[in-house]
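Colleague: One structure, as structure tokens, below. Some questions next.
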Amino acid sequence: MNDLKPVLKRLASGERLSQAEAEAAFGVVMDGQATAAQIAGMLMAMRARGETVAELIGAVTALRSRMAEVDIPEGAIDVCGTGGDGAASLNISTAVAFVVAACGVPVAKHGNRALTSRAGGADVLRELGVNIEAELAHLPEIFRKVGCVFMFAPRHHPALLHAAQARVELGTRTIFNLTGPMVNPARVKHQLLGVFDPIWIRPVAETLGASGTESAWVVYGNGLDELTLDGENQVAALKGGEISEFTLDAADAGLQAAPHAAIRGGDAAHNAAALCAMLAGEKGAYRDTILFNAAAALIVSGKTLSLHEGVALAAEAIDSGKAATVLQALINASQGGFSRGVTV
């Protein structure tokens, strides 16, 4: 396929694309063979009638085949969200990465700058002194030294530049918001992934399963693309090709409930300071939210079988200073052996 016009005609009639058709169509986009108007038309036609699992798988396959991969051993986990929840919370998955790595589970974190909030993971890491644009060839060595590495999404997915103009001009959510967290450059097999709307919990879990993921929790936290202390969380757990769905709350992990307002964030400097304070031992809703999400990631990785044990392991990783050590090691390694970051 080298022309989107036949696809646009079908989508305009409300038709759905097969996995192979979607992969070919997104290939046309990623290879720069479509105009911004055609790309926008395809994206909005899919959104208007609802993207299908087959279309998600096709898009993920097309993106993965064109990404700049990172050679990292199997066993790593990614913790990330789609964004788009509008909650403007403190950075959760970024902090969880350090805690999980400190528990002995290697983390290959994929992320970006803020798109729908004031401070994305990349913004906060840069504020802390992490070189988010370290040479791609050095990322495996950083991972080996630290047990944690950050992969800055725009550097690994240059083909997405062909869709940038259309996405900016549309100014609204498209299928790319869903596929982003599913195209980790290290092709991790384990993932804790938060979505911005509960309707996407199972479709994303099905897409991950069909794309080679071995274990994952796809979560929606009562308005957050993370597990929340504020009310009910919905989860689709992928394991061994099977998906189970359930709900849980803070009490299921032995934690106290707290409102979303207790983890309201600010700009990158504000969020970086809060992250450092948490790693230094500051108690409160932010720490407990990190413990909750870290415990889930530890279950996904196979490190533990229960949320209570996961919370205990995560708390020890913080209180012992191991999580802060991981952050400092990442700062040092990403800067080529020296640090210009804060001391935590």
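Colleague: Please list, ordered by first then second residue, the pairs with beta carbon atoms under 8 Å, 6 or more apart or interchain, first in the range 42-68 and crowded, with 22+ Cβ neighbours inside 10 Å, second at pLDDT below 95 and charged (D, E, K, R).
Modeller: Listed by first residue and then by second, the contacts come to L43/R167.
Colleague: Right, another one. Confirm whether L193 is closer than 27 Å to E23 by Cβ, in a helix (DSSP H, G or I) and of a type in the set (A, V, I, L, M, F, W, C).
Modeller: no
Colleague: For G27, all conditions in the list (1) part of a helix (DSSP H, G or I); (2) in contact with a Leu (Cβ under 9 Å, 6 or more places away or on another chain) hold save one; what is the number of the exception?
Modeller: (2)
Colleague: Test T228 against the criterion of being crowded, with 21+ Cβ neighbours inside 10 Å, part of a helix (DSSP H, G or I), out of contact with any Asp or Glu (no Cβ under 7 Å at 6 or more places or on another chain) and at pLDDT 95 or above, and give yes or no.
Modeller: Here the answer is no, as T228 does not meet what is asked.
Colleague: What's the number of the only condition in (1) in a loop (DSSP other than H, G, I, E, B); (2) under 13 Å from the mean Cα position of the chain (by Cα); (3) not polar (S, T, N, Q) that P181 fails to meet?
Modeller: The single condition P181 does not satisfy is (1).
Colleague: Now for a different question. Look at V70 and say whether it is in contact with a strand residue (DSSP E or B) (Cβ under 7 Å, 6 or more places away or on another chain), of a type outside the set (D, E), modelled with pLDDT of 95 or more and under 16 Å from P154 (Cβ atoms).
Modeller: Answer is yes for this residue.
Colleague: Considering the range 248-263 alone, what residues qualify as being loosely packed, with under 12 Cβ neighbours inside 10 Å and of a type outside the set (A, V, I, L, M)?
Modeller: Residue satisfying the conditions is Q256 alone.
Residue-wise test of (1) of a type in the set (G, A, S); (2) within 13 Å of the chain's Cα centre (by Cα); (3) crowded, with 19+ Cβ neighbours inside 10 Å.
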residue: G83; (1), (2), (3): yes, yes, yes
residue: V105; (1), (2), (3): no, no, yes
residue: G111; (1), (2), (3): yes, yes, yes
residue: A122; (1), (2), (3): yes, yes, yes
residue: E133; (1), (2), (3): no, no, no
residue: L136; (1), (2), (3): no, no, no
residue: C148; (1), (2), (3): no, no, yes
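Colleague: Separate question: Being surrounded by 15 or more Cβ atoms within 10 Å (Cβ to Cβ), touching a residue at least 40 places away in the same chain (Cβ under 8 Å), in contact with a strand residue (DSSP E or B) (Cβ under 6 Å, 6 or more places away or on another chain) and under 29 Å from G223 (Cβ atoms) narrows it down to one residue among A296, A314, A272; which is it?
Modeller: Of A296, A314, A272, the one residue that is surrounded by 15 or more Cβ atoms within 10 Å (Cβ to Cβ), touching a residue at least 40 places away in the same chain (Cβ under 8 Å), in contact with a strand residue (DSSP E or B) (Cβ under 6 Å, 6 or more places away or on another chain) and under 29 Å from G223 (Cβ atoms) is A296.
Colleague: Here's a follow-up. Pairs needed: first member in the range 207-230, in contact (Cβ under 8 Å) with a residue 40 or more places away in the chain and in the same structural domain as G254 (by TED's automatic domain parsing); second member anywhere, in a loop (DSSP other than H, G, I, E, B) and of a type outside the set (G, A, S); C-beta distance under 6 Å; at least 6 residues apart or different chains.
Modeller: Correct list of pairs: V219/L227; L224/D85; D225/T82; D225/D85; D225/V195; D225/F196; E226/I92; T228/N222.
Colleague: Can you find even one residue in the range 71-81 that is over 25 Å from L136 (Cα atoms) and not in a loop (DSSP other than H, G, I, E, B)?
Modeller: no
The values are calculated or read from the model by the stated rules, or taken from the named source; none is laboratory data. Because the structure is predicted, anything quoted here is derived from the model rather than measured. All Cβ positions, glycine included, derive from the backbone under ideal geometry; neighbour counts span all protein chains shown.
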